Amino acid sequence: MTALFTPASVAGPGARTDALQARSASRPRRESSDPAVTGVRERILRATLELIAASGVAAVTNRRVAKSAGVSLGSLTYHFSSQSQLLHESMLLYVEEETSRREQIARELAEREPSVEQVAEAVERVVATASDIPQQLAELELHLHAARDPELRAASERCFKAHEQIAAAALAALGIPDGERHAPTVVALMTGLAVRRLAAGGHDAQGTSEALLTLVRGLEG
């Protein structure tokens with residue numbers, strides 16, 4: 001999900017911890033703790049996300065990823081034995097970093113004790129940030145690919161769960177009861193708005209704050 005509604009200091013590390021655990025569990029046993037090896041894996045994963053954002057999952061071939069990451073084909077296949085594993089870990093890296101980033105945004109907002117209106121406006125500004133658009137495109141591509149690749153579905157579900165955990169904490173901080181029950185609705189709204197925005201070029205987030213306010217006020221009532 002892109003630029004999730006996160007105005008809560010109580011978001012906590014739970015979502016990030018889940019992502020870290022899943023990412024660790026999915027790694028092959030031969031992975032080394034050597035920082036140099038870890039660096040190579042991360043370069044490969046970031047190159048994969050960049051290719052997905054630019055040209056879609058179909059653009060992810062061993063040769064393209066290796067060239068973009070600046071590694072040999074042998075190095076790539078040593079670290080990732082299949083495309084499904086490569087896509088799976090790419091998504092988990094995205095989840096890990098985006099959850100951490102959104103928690104930081106939540107803490108900064110909470111320090112100002114903003115109103116619901118101020119939070120909604122801040123979210124609208126964040127989702128329109130040009131630097132976030134490639135990552136947003138990559139995430140949506142990976143979710144769609146999960147519909148065709150069963151091995152990727154667990155990572156896709158974990159991604160949505162991480163968003164929902166932060167949304168639930170945000171709703172609780174705003175005094176909305178049953179935040180966990182309503183969190184999937186918030187995530188679904190933001191995801192739908194993201195698809196429409198990105199299809200139109202990605203920069204116009206007008207209407208995001210109004211949609212969030214409509215939803216939150218309805219939950220309050």
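Readers should treat all values here as calculations from the given coordinates under stated rules, not as data from a laboratory. Note that this is a predicted model, so its numbers are computed, not measured. Because the Cβ atoms are built from the backbone with ideal geometry, glycine has one as well, and the counts that use them run over all protein chains shown.
Here are the numbers for this structure:
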{"quantity": "Single residue of ALA146, ALA200, ALA183, ALA154 found to be touching a residue at least 40 places away in the same chain (Cβ under 8 Å) and at negative phi", "calculated": "ALA154"}
{"quantity": "Candidate set from region 131-179 (those that are of a type in the set (Gly, Ala, Ser) and in contact with an Asp or Glu (Cβ under 7 Å, 6 or more places away or on another chain)); member that is nearest to ALA54 (Cα to Cα)", "calculated": "ALA162"}
{"quantity": "From the options ALA183, ALA205, ALA155, residue that is touching a helix residue (DSSP H, G or I) at 6+ places or on another chain (Cβ under 7 Å), closer than 23 Å to ARG101 by Cα and surrounded by fewer than 20 Cβ atoms within 10 Å (Cβ to Cβ)", "calculated": "ALA205"}
{"quantity": "Filter result (under 18 Å from LEU152 (Cβ atoms) and either in contact with a Leu (Cβ under 6 Å, 6 or more places away or on another chain) or of a type in the set (A, V, I, L, M, F, W, C) (or both)) within region 49-75", "calculated": "LEU49, LEU51, ILE52, ALA53, VAL57, ALA58, ALA59, VAL60, ASN62, VAL65"}
{"quantity": "Search result, residues across region 186-202 that are in a loop (DSSP other than H, G, I, E, B) and either β-branched (Val, Ile, Thr) or loosely packed, with under 12 Cβ neighbours inside 10 Å (or both)", "calculated": "ALA200, GLY201"}
{"quantity": "Enumeration of residues in region 94-115 that are surrounded by fewer than 18 Cβ atoms within 10 Å (Cβ to Cβ) and either touching a residue at least 24 places away in the same chain (Cβ under 8 Å) or outside any loop (DSSP other than H, G, I, E, B) (or both)", "calculated": "GLU97, SER100, ARG101, GLN104, ARG107, GLU108, GLU111, PRO114"}
{"quantity": "Enumeration of residues in region 65-93 that are of a type in the set (D, E, K, R) and either buried (at least 16 other Cβ atoms within 10 Å of the Cβ) or within 16 Å of the chain's Cα centre (by Cα) (or both)", "calculated": "GLU89"}
